[in-house]
1. Quick test of your reading of the structure: residue B:64 fulfils all but one of (1) at the interface with chain A (Cβ under 8 Å from one of its Cβ atoms); (2) surrounded by 20 or more Cβ atoms within 10 Å (Cβ to Cβ). Name the failing condition by number.
2. Name the one entry in A:386, A:402 that is on the phi < 0 side of the Ramachandran plot, more than 8 Å from chain B (Cβ to nearest Cβ) and crowded, with 23+ Cβ neighbours inside 10 Å.
3. Of these, A:157, A:112, which one is outside any helix (DSSP H, G or I), of a type in the set (Phe, Trp, Tyr) and at pLDDT 95 or above?
4. Suppose we keep only residues that are part of a loop (DSSP other than H, G, I, E, B) and within 8 Å of another protein chain (Cβ to nearest Cβ) within the stretch B:36-53. Which one would you say is surrounded by the most Cβ atoms within 10 Å (Cβ to Cβ)?
5. Which residue pairs have Cβ atoms under 9 Å apart, sit 6 or more places apart or on different chains, and have a first residue in the stretch A:63-74 that is surrounded by fewer than 16 Cβ atoms within 10 Å (Cβ to Cβ) and a second that is among the hydroxyl-bearing types (Ser, Thr, Tyr)?
6. Which ones in the stretch B:4-35 are part of a loop (DSSP other than H, G, I, E, B), in contact (Cβ under 8 Å) with a residue 24 or more places away in the chain and more than 7 Å from every other protein chain (Cβ to nearest Cβ)?
7. Residues in the stretch A:28-50: is at least one more than 14 Å from every other protein chain (Cβ to nearest Cβ), within 27 Å of the chain's Cα centre (by Cα) and modelled with pLDDT of 90 or more?
8. In this structure, is residue A:395 part of a helix (DSSP H, G or I) and either facing another protein chain (nearest Cβ under 9 Å) or under 27 Å from the mean Cα position of the chain (by Cα) (or both)?
Amino acid sequence: MDQRVEKKKHSLKERYAAMTGDLHWETTYQSMDEVFPYEQYEGIRIHQWDKFEDPFRLTMDAYWKLQGEKEKKLYAVIDAFAQNSGQFGVSDARYVNALKLFIQSFTQQTYYAHRSFAHLGRHFRGDALRVACQMQSADELRHFQNQTHAIANFNKYFNGLHNATHWFDHAWYLAAPKSFSEDAFSAGPFERLIAISFSFDYLLTKPLFVSTMSGAAHNGDLSSVTVGFSAQSDEARHMTLGLECVKFIVGQDPANLPIVQRWMDKWFWRGYRVMTLAAMMQDYMQPKRTTSWKQAWEMYVESTGEALFKELAQVGIRQPKGWAQACDGKDHISHQAWNAFYGYGDTTAFHTWVPEPSELDWLSKKYPDSFDRWYRPRLEHYAQLQKSGQRYTNKTLPMLCQTCQLPMFFTEPSGPRWIAYRETQHAGERFHFCSDHCEEIFSNEPEKYSQAGLPVHQILQGHCFKPEVNAAAPGFDPASAVLDYCQINQGYDNGEFKGSEDDTNFASWGGGQNPQEAQL
Amino acid sequence: MSVAAIGNYSVALRDTAEHFAQPLLYVGWDEHMMFAAPLTVPLSMATRFEDLVSKVLPALYGQHPEFAQINWNKVQWFRSADMFTPRMQGTLAEQGFGHKSVLRFRTPGLEGIHGSCG
């Protein structure tokens, strides 16, 4: 009798090789340089692409299966949250403003990451890295959709959520995240990989995701928490990819090290500046408080970063130049940002407010070295003004940093008494910066950054009015015309929280309680 | 460092003076961060310094509780980081200011809301 031949089952590694190996071949009709036109010009030299191994070796079928299961679970929770009117059960309507800023900035950046990785998934010569980038591209699109779907339920009940993509492109305060993403997108493929995978995903996203998700949980937003959980294993994969890429690139040629180090210096600082928004979200926009920004920074960036850079020292990489200053900033940036956004609250598509006295006490406790001395008196002054019916607003447009495009509200590294001003000349023009690191980024590539379309300057050049507007008409109100152009509904999306439509609606719906009780 | 690019890289500066109806002056009142950042003020460089002090600054900073207490004879003025003594009759242009210049002023004795630099 014939003996049955056992079908040999491939190991995961063999299976991966079988499924992906043929994706790469040496082209003959066209030169490889023409097929991969972006791979050389940044100066990075890769000699052995086959030495890069995708740390996950996911095949597409395994990928879809895994993601499909996560989607099913996630959407069951999102649906249940909506059906149970979970939006009325959040701690306080102020919480929704964290979601507004999230969808206006980070969700849009996620979409940019999707596009960016789709491009990377085409343009690296190595097939393993291309496959990993294609999967990250699909991940980022999924995360963008998940965030949008979860927040869509809130959009039925609250202002400031309906036009995030337009605001990302037009509102002045979103120029920081937008310029970050476009800066990365307009760089070469290797720089972009260091920018997004390593500097942002590996070094900086943890405090954003872990803390905002635990903040969402404490504030009763189970829908957003589940979005976070669903993304977490993908994020872990992105982080690992970032680290593996750094080691691979640096190991390929000694000339790569200084280039990668400069990109790390640059993108750590660019990412850190964008994180200012996350810092203020965490300390000011979550009514039920858990962890401070400072604690999150220490836990998820400072301590893990110290260990990481010890490991990377073996391949010659040192900490990014701005590291120490960024760590010092943990006592200050959330307060400086909220102070600025409170003053410019009329111009944003989310609400601002002075925290309640008990919340100020919490901040005092969490920031013993800075809050009472520098930041609490300002907020108490605003509260007093508001009591007397004069809510403070700053009517004059701020000066912006040429590189990070945030208002220049950051203070000197030596202490919080002085605003940091930096200035340089290029092509006969003056340029201004919020920090040494933003200035250095400019000075390394002045051709690129001297062209920035700073929103304040665009407004003053008259580029931010609707075409039918007549700026010469009597009684013309430029500030209001700019908000119109941004499609910010004045009196609804912007300004003070107290007495806003969100505030009064939420109260009249009996919000903030157990949703079942609220319906009775 | 030169530009790393795949082709010709042309630069179009968007913020040179000719793009604006009036040149920009950045103004900052040190140790008063109730105005969180310095301000961007479109202003003719033919403006006389005394008009800046008597008309422009009150419009920008008048709502600060310490503004009324400023002793203008004691104010320290800075063109970017350089301290200088302004001639009140002179124009901004005559005193070295141009498009995208920084004017900072310091008011000794006044340190913001309850001394917090707010």
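1. The one condition residue B:64 does not meet is (1).
2. It is A:402.
3. Just one listed residue meets the conditions, A:157.
4. Quick first cut of the stretch B:36-53, residues part of a loop (DSSP other than H, G, I, E, B) only: B:36-38, B:43-47.
So of that shortlist, the ones also within 8 Å of another protein chain (Cβ to nearest Cβ) come out as B:36-38.
Numbers: B:36: 25, B:37: 27, B:38: 25.
Among residues in the stretch B:36-53 that are part of a loop (DSSP other than H, G, I, E, B) and within 8 Å of another protein chain (Cβ to nearest Cβ), the one surrounded by the most Cβ atoms within 10 Å (Cβ to Cβ) is B:37.
5. A:66/A:233; A:71/A:230; A:73/A:226; A:73/A:230
6. The answer is B:23, B:32.
7. No: zero hits.
8. Working: part of a helix (DSSP H, G or I): no; either facing another protein chain (nearest Cβ under 9 Å) or under 27 Å from the mean Cα position of the chain (by Cα) (or both): yes.
No.
The values are calculated or read from the model by the stated rules, or taken from the named source; none is laboratory data. Here the structure is a predicted model, which is why all the values come from computation and not from measurement. All Cβ positions, even for glycine, are placed from backbone atoms using ideal geometry, and neighbour counts span all protein chains on display.
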